[in-house]
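The values are calculated or read from the model by the stated rules, or taken from the named source; none is laboratory data. Model, not experiment: these values are computed from the prediction. When we count neighbours, we look across all protein chains shown, and the Cβ atoms used for this are built from the backbone with ideal geometry, even at glycine. In case anyone asks, the SASA skips ligands and DNA or RNA and just uses the protein heavy atoms, side chains included. Shrake-Rupley method; radii C 1.70, N 1.55, O 1.52, S 1.80 Å.
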Amino acid sequence: MQMATDWQDYELIDTGNGEKLERWGDVILRRPDPQIIWPLVSEDDTWRKADGHYHRSNSGGGQWDFQRALPDRWNISYGPLKFHIKPTSFKHTGLFPEQAVNWSWMMDKIRNAGRPIRVLNLFAYTGGATVAAASAGADVCHVDAAKGMVQWAKENAQLSGLGDAPVRYITDDVFKFVQREQRRERQYEAIIMDPPSYGRGPNGEMWKLEENLFPFLESCLEILSEKPLFVLVNSYTTGLSPTVLQNLLHMSIRRKFGGKLDCGEIGLPITRSGMVLPCGIYGRWESEM
């Protein structure tokens, strides 16, 4: 388990009964989480008076109930990295704080590479990894199919003082983009991806992670440079184990380039209980050069 323990502006205060209580800067939010199947020890005033509480609907989706007027968005920092936070209609805030363990890892790899590093960030969302890689000195290509998420990523970069950093922002279908990069013979020293469990391509093609992740990893091999630095795969797919992800990376990237694999869970420490909330899995391949 890799835990994101270096946050100052974020805290997982407490958990129980399918919900988590978090501090985002000076804002307290209460949100559902399917992993939290243990009971809540005590629903005190911190729980009851949370600034925002997301309630799920029996018919799907849900809505926020705010105890006080909040700004449309506000900022938090992780070291030199800064991010806009905004509660969305799907309970999210625009940032997954557990990913900080991966940001720190990739920043260290890039800074110590001793050579220029080009990073391709696929399914890149609001650009946490993009900002981290650019902050460490990499040239970054950020790709996501959602225009609004790409714009959010640009704003996060500007907020972090990286408005002029060498980052390309691409709104496109990830799979089609990788195919075009193959034809253009463009290559990268590092690839980051957070593929969805399910999805549809621009022509209605169905994506199922358990069926399509391995061939997609294989296609990404063609756009890795001759001396790749790392590949990072994140997943929040229920039921996908770190061992399965390790096997996929072993049969694709490690089979071609050798190197080392590290796969496991990522999580967040829970302040009140001292327990850990598991938040997903990661697979890291890195070169031995």
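Annotations
- In the chain, the sites counted are GluC sites (Glu not before Pro) in DSSP loop states with at most 14 other Cβ atoms within 10 Å, and the longest stretch holding none of them, exclusive of the sites, is 44-184.
- Positive-end residue of I85, A50, Q63, charge dipole of region 30-91 with Cβ unit charges: I85
- Local electrostatic count, I36, Cβ distance below 11 Å [Lys/Arg +1, Asp/Glu -1]: -1
- 26 Å Cα-Cα threshold exceeded, pairs from K86/K147; K147/K176; K154/K260: K154/K260
- Percent RCO, i.e. relative contact order, over the chain, from Cα pairs under 8 Å lying at least 6 residues apart: 16 percent
- Local electrostatic count at C141 - Lys and Arg +1, Asp and Glu -1, tallied over other residues with Cβ under 9 Å: +1
- Per residue, the convex hull spanned by the Cα atoms of region 63-184 amounts to 115 cubic angstrom.
- Counting only DSSP beta bridges with both residues in region 13-62, the antiparallel share comes to about 85 percent.
- Positive end of the dipole of region 108-197 (Cβ unit charges, origin at the Cα centre): among G163, P116, G148, the Cα lying farthest that way belongs to P116.
- Solvent exposure, largest accessible area first (probe 1.4 Å, DNA, RNA and ligands not counted), of R115, R56: R56, R115
- Tilt relative to the chain, helix 147-159 - C-alpha long axis, 0 to 90 degrees, to 10: 90 degrees
- Exposure check, 1.4 Å probe, all protein chains in place: H53 carries approximately 30 Å² of accessible surface.
- For region 234-289, the spread of Cα coordinates along the three principal axes comes to 45, 26, 13 Å, biggest extent given first.
- For region 177-289, the fraction of 1.4 Å probe accessible surface lying on carbon and sulfur atoms is 48 percent.
- Cα-centred dipole magnitude for the chain, charges only on beta-carbon of K, R (+1) and D, E (-1), debye, nearest 20: 540 debye
- Across the protein chains, with a 1.4 Å probe defining accessible surface, the residues D108, D262 rank D108, D262 from largest area downward.
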